[in-house]
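Novice: Handing you a structure now.
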Ligand SMILES: [Zn+2]
């Protein structure tokens, strides 16, 4: 049994060890997963610096990745824009933080938002969105982004990638004007996750439990939050009016998860896919068992 670790999210001591999984994307070949006894977040406990993360991302074929999830991603972005329009006018100044290939900025531009800026780590090519943005910022610590500048900061599937979630929330708070809106999507721990945590301690089933965990937390998804954890780090950063909605969101059809994660990784035959898919549908594709995505909004309190 590994020793307890402080929580990567809320910093409470004494998170319980869950399991280890292999990692082929950086120099640490094994990742340790923990669950915080205080906030319930599940996280990778290894020390992982910016350099190692860069090394890991360099092993990914990001173009193929974005193409694969393009249609689900488009739906997600259109939903986000609908939510945003309830919170801010289209004339609001918006910073898309962790913009990736800039797709969300393009969708915002199409939807009529006029004052757009974006942030990404150095090395990313943001030239495609240069003509439709006011400012582009590229650094590791957000220091180049001016304080009290934006009416809204958006982060679509970014918050789970950072080693220091509180540092990110503090930075978002700093760059927003008083009264400004923070809006983000990030994965949260589900009932199915908790069943799998139990499976990880059982003979035979522990293999499935570990395979599941590998798909949930990894060097690319350093933590899965809980609504409690999100509320806590937002409050610590100085945000109020926190709203956390949770729902099921999958990037692939259920049959593909069954084939890739359950059958191929365990070297089981593919013909089991149509048999297992209906059985696993409820634990994978329903809000009740697998409400895996949180949609969060908060406001920087006016002083
Ligand atoms: Zn915690």
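Novice: Given contacts defined as C-alpha pairs under 8 Å and at least six residues apart, what's the relative contact order of the chain, whole-number percent?
Specialist: This gives 19 percent for the chain.
Novice: Residues in the stretch 71-113 near a label at residue 177, defined as backbone nitrogen under 13 Å from the 7 Å Cα→Cβ point?
Specialist: 88-95
Novice: Give the calculated FRET efficiency between residue 11 and residue 260 to the nearest 0.05, with a Förster radius of 30 Å applied to their Cβ-Cβ distance.
Specialist: The value I calculate is 0.30.
Novice: If you don't mind, another one. For the stretch 58-176, what class follows from the C-alpha gyration tensor (a ≥ b ≥ c being the square roots of its eigenvalues): rounded when a/c is under 1.5, otherwise prolate if a/b is larger than b/c, else oblate?
Specialist: Rounded is the answer for the stretch 58-176, as its axis ratio a/c remains below 1.5.
Novice: Here's a follow-up. Quick one: length gained pulling residue 83 to residue 47 fully straight, 0.36 nm per residue minus the C-alpha distance?
Specialist: 9.4 nm
Novice: In degrees, nearest 10, range 0 to 90: what is the angle between the Cα axis of helix 273-285 and the longest Cα principal axis of the chain?
Specialist: So the inclination is approximately 50 degrees.
Novice: Taking a ≥ b ≥ c as the square roots of the Cα gyration tensor eigenvalues, with a/c under 1.5 meaning rounded and otherwise prolate when a/b beats b/c, else oblate, which class fits the chain?
Specialist: Verdict is prolate for the chain.
Novice: Most mobile of 214, 191, 267 per a Gaussian network model of the chain (Cα springs, under 10 Å)?
Specialist: 267
Novice: Which angle between 0 and 90 degrees, to the nearest 10, do you get for helix 205-216 versus the longest principal axis of the chain when only C-alpha atoms count?
Specialist: Helix 205-216 sits roughly 20 degrees off the main axis of the chain.
Novice: What does the C-alpha gyration tensor say about the overall shape of the stretch 1-90? Classify as rounded when a/c is under 1.5, otherwise prolate if a/b is larger than b/c, or oblate.
Specialist: It comes out oblate by the Cα gyration axes.
Novice: For residue 106 and residue 37 in one chain, what is 0.36 nm times their gap in residues minus the Cα-Cα distance, to one decimal in nm?
Specialist: Contour length minus Cα-Cα distance gives 20.8 nm.
Novice: Distance from the Cα centre of the stretch 46-99 to that of the stretch 193-263, in angstrom?
Specialist: 18 Å
Novice: Taking 7 Å along the Cα-to-C-beta vector as the label spot, tell me the residue 24-residue 140 distance in nanometres, rounded to one decimal.
Specialist: Spacing of the two 7 Å Cα→Cβ label points: 2.7 nm.
Novice: Mind telling me which of 43, 104, 140 comes out most flexible in a GNM of the chain, alpha-carbon contacts under 10 Å?
Specialist: Top of the fluctuation ranking is 140.
Novice: Restricting to the chain, what percent of DSSP beta bridges are antiparallel, rounded to 5?
Specialist: Antiparallel: roughly 60 percent of the beta bridges in the chain.
Novice: Further, regarding this structure: If I fit a long axis through the Cα atoms of helix 227-237 and take the longest principal axis of the Cα atoms of the chain, what angle between them do I get, 0 to 90°, rounded to 10?
Specialist: Taking the Cα atoms of the chain, the angle to 227-237 is about 40 degrees.
Novice: Using 7 Å Cα-to-Cβ label points, what is the residue 67/residue 198 separation (nm, one decimal)?
Specialist: For residue 67 paired with residue 198, the spin-label model returns 4.3 nm.
Novice: Shifting gears a bit: According to a simple spin-label model (label point 7 Å from Cα along Cα-to-Cβ), what is the distance in nm between residue 132 and residue 248?
Specialist: With each label placed 7 Å out from Cα toward Cβ, I get 3.2 nm.
Novice: Per q in 0.12, 0.19, 0.23, 0.25 Å⁻¹, report the Debye log10 I(q)/I(0) for the stretch 161-239, using one uniform scatterer on each alpha carbon and no solvent.
Specialist: One equal scatterer on each Cα of the stretch 161-239 leads to -0.45, -0.85, -1.06, -1.17.
Novice: Still on this structure, please answer the following. Using a Gaussian network for the chain with springs between C-alpha atoms less than 10 Å apart, which of these wobbles most: 164, 27, 130?
Specialist: 27
Every number here is computed from the coordinates shown, using simple stated rules; none is lab data. The structure presented is a predicted model; accordingly, all values stated were derived computationally and were not measured. Positions of Cβ are backbone-derived with ideal geometry, glycine not excepted, and every protein chain shown enters the neighbour counts.
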